[in-house]
Structures are given as structure tokens and as C-alpha cells.
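Student: The following block contains the structure, expressed as C-alpha cells.
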């Protein structure tokens, strides 16, 4: 097998912390060279991020205090998958809860891995169009400013290094390639889904 | 203050797990509305990723098994900051240890946040040119295939969703904008540093 010299095999492990949010594991792995090593990581259910675009091209975004970083971050709406929840349903739920918007058209862009050294998290990025405004329904402890930003403004923030959230930067990258054939082809394979909650 | 309605304040906390790699905290925070909430997160020293470009334009990359994801990932060389280590020194060290290459010219691109919901990690992205090959010196338990990839190949992988590591995708985004004025201006502000280890 092509990657046999890289692949590690679990030979034991335990959950070392289970909080209200974080599930932390510590496994012992057998390396391909016969040695062993310890791998510590977060088990994460995965997340969905939505890039919601109004008919006039403006993007629906959020400003939220991120405690671990001690700063307010500008991000697209996102949230964790619930048990058994399909990604599209998660995106629709999070968009509605956090911003109040519902969308008529949905298209999947990609799936990214944001902390491959220590988290199982994968984030699916979806595009949402045909937006209709409504009332947010935030969870306890979730304080969010919803704002409308143009792609030009976002691009300027990224160029100045003031937009630093990885999922938001990668969604911007996809947005800027929407006109190019490579991405257009991909989105055509997974066509926009007409869907209302 | 503009963001007073978003900012959370620590009113207590504890380290809930300290492993060989992960440092996990659980804090109680006061929300702006007077309520309290729990915030669990990883304290991470930060990391540096290097985009090393050969004179012929090919990029030096790594294939590495990422245990948390259970798959081999294609990434640019990266590693964690040691205590008190400047970012440039970290990039030079990680590039040499993992790939054997040393670089004559270095330029800082940006700083990204890859898990703002639960980690303090920030990743600085640097460009390295004027490469000279050498011998890698990998840590115990670090098994890496070094490979050379063209920007065209990388772009095709990204468009097909086969390149999913966030720091690598964002470095590709910067690479593709190097010709544009916005990025050229920024790199001119922080000029290429001639530096050998």
C-alpha cells in the first residue's frame, strides 16, 4: 500500500477529559517503524459554515467575541453538527438561529480540516442564496452582531491581515473563484438545492 | 467602547488536562448581559507554516499521516513555536528539520486563526525562497514524505476538494495573489529578510 510507511495504528487509548464542549482523547499508536507514540486530540462532531449572499451581492456575516483568542472575530455563520444531522440541515439551522435568514438555494463548496494535528474537526462550506430575513434565535451565551459586508471590503480586510478566521478566508477564496471554470464545474456536479426549512 | 456588548470577562478557571501535547482549560466567564457561561479551550503556543518555493517555481510540501483524521494530508511544512522563539526562527527551524531545506529569503504573509471556537492557536504564514537542499532531522514519531508540487497541481487539488488543510489552502490563496498589488504592497512593507541559520 502506497502510504504504509506513514500510517499509524491505534493500540490503546482513553478519554482524558469530557467537558460540556470538549472531548479529549489520548491514544497510544504503533508507528510503521515499530516504535510507539502518544497522540492527544479533540473529538469534534464537525461543523458547517454558510456563506450567505444577498441578491445585491452583499454577504451576511457575524461579529462574535472569541474567548480563546480574546478578540472579536468577523466570520461567516457556522455551527457544530448535532448527532445524526445532515450537513445541509445543520447549515440551514445555524443560519436561521444566528442570523434569522432562510435561503432558497444551497450549494456545497468543500470540506476543510482546520486543526489536523489535534482535532477530528472537519468544516463543510456551503453557499446560500435567495435569502429571506427573519429573527435570530441565539443560544444562551451566544452574543452575535450580524453585519452585511461586500466582497471588496472582505478582500481588503484579508489583504491587510485583518480577516484571520480560516473558514471565512477559504470561503472568500471559493467566492473569488466562482467565475472560474474549475469551481463552476464542481458546483454544477452538486447543483443548487431548492430547500426551505 | 464599540464591542462592550460582545466582550466576555474571565471570573475563574482551571486547567482540566495537561498532557504531553494538549493543555486544556475550563474558564467561567461573565457575559456582557450579566449572565455567566463556561468556555473550554486549548492553550496552544502558536505555530509557523512555511511556503518554500524552488527557483523553478515548484513548492516543497509534505505528506504526513494525521492520526486525528485517520488520513495522510498534503501540507506545507509547519510546526509549533518553542518558548520565546521568534516566528522567523521557528519557520527556519521547522523547514530545516522536516525537509532539510534552508532558505536565503523570507517574507511574512499573514497570521491566521484556525480554531477560534476552542483554541488559542495562531499560525503565521511565511514565504521562503533561495532554497538550498539538505538533510531532514525529524523528531521521534514524525514520519514525513517530502514532495515537490507545482502551483497548478495544487490548484487542481484544491478545486477538486482534495486539498483540505486550512493553512495550506490559505497559503495557496496568498501565492495566487502575489502578483496583485494589494499583496505586493503588504510584502513590500515587510521586505524579504536575507537570513541563514
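Student: Could you work out how far helix A:166-177 tilts from the main Cα principal axis of chain A, as a 0 to 90 degree angle to the nearest 10?
Tutor: Its long axis makes an angle of about 50 degrees.
Student: With 10 angstrom as the radius, rank B:7, A:125 by how many other C-beta atoms surround their C-beta, starting from the fewest.
Tutor: Numbers: B:7 18, A:125 27.
The order, fewest Cβ neighbours first, is B:7, A:125.
Student: Let me ask something else. Can you give the angle from 0 to 90° between the axis of helix B:87-99 and the longest principal axis of chain B, with both taken from C-alpha atoms, to the nearest 10?
Tutor: It works out to around 60 degrees.
Student: Rounded to the nearest 5, what % of the DSSP beta bridges within the protein assembly as shown are antiparallel ones? Spell out each step's value before the answer.
Tutor: Values: 84 of 100 bridges.
Roughly 85 percent of the DSSP beta bridges within the protein assembly as shown come out antiparallel.
Student: Continuing with the same structure: Remind me, relative contact order of the range A:1-156 in percent, using alpha carbon pairs under 8 angstrom and six or more residues apart?
Tutor: Details: 327 pairs, mean separation 36.0, N = 156.
RCO, the range A:1-156: 23 percent.
Student: Determine the shielding of peptide A:60-67 by partner chains: average, over its residues, the number of Cβ atoms on other chains within 10 angstrom of each Cβ.
Tutor: Numbers: counts 0, 0, 0, 3, 3, 8, 11, 14.
Partner Cβ neighbours, averaged per residue: 5.
Student: Give the shape of the range B:48-163 as rounded, prolate or oblate, defined through the alpha-carbon gyration tensor: a ≥ b ≥ c are the square roots of its eigenvalues, a/c under 1.5 means rounded, and otherwise the shape is prolate if a/b is larger than b/c and oblate if not. All intermediate terms of the calculation are to be shown ahead of the outcome.
Tutor: Working: a/c = 1.25, a/b = 1.03, b/c = 1.22.
Rounded, since a/c falls under 1.5.
Student: Oh, and also: Would you mind calculating the gained length between residue B:35 and residue B:18 on full extension (0.36 nm times residue separation, minus the Cα-Cα distance), in nm to one decimal? Intermediate values should be presented prior to the final figure.
Tutor: Numbers: separation 17, 0.36 × 17 = 6.12 nm, distance 2.87 nm.
Taking 0.36 nm per residue and subtracting the Cα distance, the gain is 3.2 nm.
Student: In addition: Of all DSSP beta bridges located in chain B, what percent are antiparallel, nearest 5?
Tutor: Numbers: 42 of 49 bridges.
In chain B, approximately 85 percent of DSSP beta bridges are antiparallel ones.
Student: Moving to a separate point now. Can you grab the distance from the C-alpha centre of the range B:51-124 to the C-alpha centre of the range A:59-90, Å, no decimals?
Tutor: For the range B:51-124 versus the range A:59-90, the Cα centre distance is 26 Å.
Student: Same structure, new question: Set the Förster distance to 30 Å, then compute FRET efficiency between residue A:5 and residue B:80 from the Cβ-Cβ distance, nearest 0.05. Each step should come with its number before you reach the end.
Tutor: Working: r = 24 Å, r/R0 = 0.80.
The formula returns an efficiency of 0.80 here.
Student: Under the definition of partner shielding as Cβ atoms of other protein chains within 10 Å of a residue Cβ, what is the mean value for peptide A:9-21? Each step should come with its number before you reach the end.
Tutor: Values: counts 1, 2, 0, 0, 0, 0, 0, 6, 7, 1, 9, 5, 7.
Counting Cβ atoms of other protein chains within 10 Å of each residue's Cβ and averaging gives 3.
Student: Can you list, shortest first and in nm, the gaps between the label point of residue A:19 and those of its counterparts in the other copies, using a point 7 Å from Cα in the C-beta direction?
Tutor: The answer, with the shortest distance listed first, is 1.5 nm.
Student: What list do you get for B:49, B:178 if you sort them by fewest beta carbons within 10 Å? Numbers along the way, then the final one.
Tutor: Working: B:49 24, B:178 13.
Listed from fewest to most nearby Cβ atoms, that is B:178, B:49.
Student: In deg cm²/dmol, rounded to 500, what helix-only [θ] at 222 nm does chain B give when every DSSP H run of at least 4 residues adds -39500 (n - 2.57) and the total is split over its residues? Could the numbers behind the result be given before it?
Tutor: Details: 4 runs with 43 residues, N = 197.
-6500 deg cm²/dmol, from helical runs alone.
Student: Every other copy gets compared here: list the nm distances from the residue B:105 label point (7 Å along Cα to Cβ) to its counterparts, shortest first, one decimal.
Tutor: Here residue B:105 shows inter-copy label distances of 4.3 nm.
Student: Fewest Cβ neighbours within 10 Å first, please rank B:40, A:94 accordingly.
Tutor: Numbers: B:40 22, A:94 19.
Neighbour counts put them in this order, fewest first: A:94, B:40.
Student: Per residue of A:118-124, what is the mean number of Cβ atoms on other protein chains within 10 angstrom of that residue's Cβ? Provide the component values of the computation, followed by the final result.
Tutor: Values: counts 10, 8, 5, 6, 2, 3, 0.
Averaged over the peptide's residues, the number is 5.
Student: By how many nm would the segment from residue A:132 to residue A:160 grow when fully extended, if each residue of separation counts as 0.36 nm and the alpha-carbon distance is taken off? If you can, show how the numbers build up before the last one.
Tutor: Details: separation 28, 0.36 × 28 = 10.08 nm, distance 3.18 nm.
Gain on stretching residue A:132 to residue A:160: 6.9 nm.
Student: Between copies, how far does the label point of residue A:54 sit from its twins, in nm, shortest first, when each point is 7 Å from Cα along Cα→Cβ?
Tutor: List, nearest first: 4.9 nm.
Here, each number is a calculation from the coordinates, and none is a lab measurement. Just so we're clear, the structure is a prediction, and the values are computed from it rather than from any experiment. Heads up, the Cβs are rebuilt from the backbone with ideal geometry, glycines too, and the neighbour counts pull from every protein chain shown.
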